[in-house]
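The values are calculated or read from the model by the stated rules, or taken from the named source; none is laboratory data. Since the model is a prediction, treat every value here as computed from it, not as a measurement. FYI the Cβ positions are ideal-geometry reconstructions off the backbone, even for glycines, and counts take in every protein chain you see. These area figures cover heavy atoms from the full protein model, side chains too; ligands, DNA and RNA do not enter into them. Shrake-Rupley method; radii C 1.70, N 1.55, O 1.52, S 1.80 Å.
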Amino acid sequence: MAVSHPIFARVFARASVAMDRAGAAAHRRRLVAGLRGRVVEVGAGNGRNLPHYPPAVTGVLAVEPEPRLRAALQAAAPDAPVPVTVAAGLAEALPVADASADAVVLSLVLCSVPDQAVALREARRVLRPGGQLRFYEHVVAETPGLRRAQRVADATLWPLCCAGCHTARDTVAAIRAAGFTVVELDRFRFPPAGIPGPASPHVLGAAVRP
């Protein structure tokens with residue numbers, strides 16, 4: 001299945017740089033800190049996580065379905081501190097053997113997959129028992145007012161303008177429902193200052209495949 005969002009890809013490429021300057025780079029470092037072995041990064045975008053992988057990672061398979069973002073990812077791969085292989089693929093059908101990954105990294109991708117449950121089952125399939133799921137996502141708000149704003153955004157233009165992104169998904173609940181044990185969880189707003197937007201509630205954490 002082809003996935004092409006050329007306008008969003010161009011906007012995201014610029015926005016991701018601005019996000020990193022505003023503090024997202026620190027979140028990316030936390031996301032992959034302490035990983036080792038073979039890692040599969042799902043929806044790797046234009047490769048903004050790649051510079052932060054620690055040397056104990058023996059290789060990253062970076063999966064990205066969108067052609068323009070994948071081209072940027074391919075360009076970024078040689079500068080990564082660890083070996084990176086770039087592949088086309090969907091979160092719902094990863095080109096990876098069963099139980100072959102030590103970690104799966106999900107970064108700002110579960111908001112836009114068509115079916116979170118299917119994508120998370122696929123992540124669980126490729127993880128070895130005891131392997132880690134690392135996640136950095138924007139999620140449903142904890143406050144009623146912002147939740148209402150998210151529902152309005154998701155029912156109108158937000159998914160259309162943002163390549164299928166939905167702001168009101170309870171991603172942590174979905175991770176648990178997929179059979180993972182959440183072992184670390186940090187909730188915060190990003191950006192931290194200003195009026196909170198629909199995509200401002202974030203989580204960063206780790207879960208384990210039992």
Practice item. Please state which of the following conditions residue 59 fails to meet, knowing it meets all the rest: (1) open to solvent by less than 40 Å² (accessible area, probe 1.4 Å); (2) touching a strand residue (DSSP E or B) at 6+ places or on another chain (Cβ under 7 Å); (3) without any contact (Cβ under 8 Å) to a residue 40 or more places away in the chain; (4) not in a strand (DSSP E or B). Key: (4)
Practice item. Being among the β-branched types (Val, Ile, Thr), part of a loop (DSSP other than H, G, I, E, B) and either within 16 Å of residue 173 (Cβ to Cβ) or at pLDDT below 95 (or both) is the filter here, so list the residues in segment 107-128 that pass it. Key: 113
Point to revise | Members of segment 1-20 found to be in a helix (DSSP H, G or I) and more than 18 Å from residue 76 (Cα to Cα), listed by number | key: 6, 7, 8
Review point. Can you pull out the residues in segment 67-87 that are open to solvent by less than 60 Å² (accessible area, probe 1.4 Å) and either of a type in the set (Val, Ile, Thr) or touching a residue at least 40 places away in the same chain (Cβ under 8 Å) (or both)?
Key: 67, 69, 72, 82, 84, 86
Review point. Of everything in segment 38-51 that's over 16 Å from residue 205 (Cα atoms) and without any contact (Cβ under 8 Å) to a residue 60 or more places away in the chain, which residue is surrounded by the fewest Cβ atoms within 10 Å (Cβ to Cβ)?
Key: 51
Exercise for review: Residues being among the aliphatic types (A, V, I, L, M) and either open to solvent by 20 Å² or more (accessible area, probe 1.4 Å) or on the phi > 0 side of the Ramachandran plot (or both): count how many of those fall in segment 88-111.
Suggested key: 6
Review point. From the list 31, 35, which one is part of a helix (DSSP H, G or I) and either open to solvent by 40 Å² or more (accessible area, probe 1.4 Å) or not acidic (Asp, Glu) (or both)?
Key: 31
